[in-house]
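Have a look at the structure below, then the notes.
The values are calculated or read from the model by the stated rules, or taken from the named source; none is laboratory data. Note that the coordinates shown come from a computational prediction; the quantities given were computed from them, not determined experimentally. Reconstructed Cβ throughout: ideal geometry from the backbone, glycine too, with neighbour counts over all protein chains shown.
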Amino acid sequence: MAAERKFFVGGNFKMNGDRKMLDSIVENLNKTECGNTQVVVAPPTVYLSYVKEKLSDNVNVAAQNCHNVAKGAFTGETSPDMLLDLGISWVILGHSERRHVFGETDELIGKKVQYALEKGMQLIPCIGEKLEEREAGTTEQVVFGQMETIKNNVNDWSRVVIAYEPVWAIGTGKVATPQQAQEVHQKLRQWLAQNVSDAVSKSTRIIYGGSVSAANCKELAKQPDVDGFLVGGASLKPEFSDIIKARC
Ligand code: 13P
C-alpha cells in the first residue's frame, strides 16, 4: 500500500434515510476518529445541505449523481454548478444502479465525468462487472472498457477516486473475497500504468464496493491495492465507524 494513497471510505446512502435517521448517522460520524482516513458520505440529493450543515468539517459530502450541463430543461436533474453552489464538491458517477436501473451508458457517464471535472469537482466514478460477465470470464474486458471511457474524459487524476464495485456483490451480502478484490484492483492499477502513467497508477485510489461490512472490512483493507471502500447498506448503520477505522 503506497503511502501517498490516503485510505478513503465513502458512504453511499442511496435512496435511504429521513432527517431522524440522518441525524443519528451524523452523530455517529462526528464522533468517529480516524485521522488517517478520508471520509465522504453521499446522502440523497434533497438532504445534501441538511447533512453538510450538521457534519463536522473533516467529513465531506458527495452527491450520488449529477448531469453534464449547467442548467436547462432537464427535469429531475442536478448540475455540478448547483452542487458547487451549495459547497458540495464531490460526486459519485456511473454507479451500477445508474447504469443498470436507469440505463446510463458509458457515453453519458463519460460526459458527466468530463463536465464535473471541468467545473472543479472531485469524482468517484464506479465500474464493475455483472455476474454473467464474471462467469463468462470477461471481467477484465468489462472493467477496462469502462475505464477507457473514464480515462478519455479525465484531465486531472488527482480529483478522481475509482470505485470497483462488482455488480454481483452490491446489496447481495455476497462480498468479493479479499483475493478477488485484490486481483481486479491490481489489474486496474496495471491498466492505469499502461494507459495513463506510472505516477497516476501509483497515486490513484482504487476503492472496493459491494457488501462491505464491519466483519469483512479488515481483511479487505489489508490488500495492497485496496485503498478504501464505497459502502452502501452498512453506511446507514453504527458499524460504519468500524469500517472507517478498518486501517486505523
Ligand atoms: P452495499 O454495500 O449495500 O452492497 O452497496 C454497495 C454500493 O453500491 C456502494 O455504492
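Values for this structure:
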| quantity | calculated |
| --- | --- |
| Residue count for the stretch 202-213, restricted to those that are out of contact with any Leu (no Cβ under 9 Å at 6 or more places or on another chain) and away from the ligand (no atom under 12 Å from the Cβ) | 2 |
| Checklist (1) in contact (Cβ under 8 Å) with a residue 60 or more places away in the chain; (2) more than 12 Å from the ligand (Cβ to nearest atom) applied to Gly232, failing item | (2) |
| Qualifying residue in the stretch 144-164 (condition: more than 16 Å from the ligand (Cβ to nearest atom), touching a residue at least 24 places away in the same chain (Cβ under 8 Å), in contact with a helix residue (DSSP H, G or I) (Cβ under 7 Å, 6 or more places away or on another chain) and more than 20 Å from Val200 (Cβ to Cβ)) | no |
| Filter result (of a type outside the set (Lys, Arg), touching a residue at least 12 places away in the same chain (Cβ under 8 Å) and either more than 16 Å from the ligand (Cβ to nearest atom) or in contact with a Cys (Cβ under 7 Å, 6 or more places away or on another chain) (or both)) within the stretch 180-201 | Gln182, Gln186, Leu188, Trp191, Leu192, Asn195, Val196, Val200, Ser201 |
| Residue satisfying all of: in the stretch 72-94; under 18 Å from Val51 (Cβ atoms) and within 16 Å of the ligand (Cβ to nearest atom); surrounded by the fewest Cβ atoms within 10 Å (Cβ to Cβ) among these | Trp90 |
| Check on Ala116, within 16 Å of the ligand (Cβ to nearest atom), within 19 Å of Phe8 (Cβ to Cβ) and either free of Cβ contacts under 8 Å to residues at least 60 places away in the same chain or surrounded by 17 or more Cβ atoms within 10 Å (Cβ to Cβ) (or both) | no |
| Check on Ala136, more than 26 Å from Pro80 (Cα to Cα), at pLDDT 95 or above, crowded, with 19+ Cβ neighbours inside 10 Å and small (Gly, Ala, Ser) | no |
| Residue that is surrounded by the fewest Cβ atoms within 10 Å (Cβ to Cβ), among those in the stretch 235-245 that are touching a residue at least 60 places away in the same chain (Cβ under 8 Å) and farther than 19 Å from Ala62 by Cβ | Pro238 |
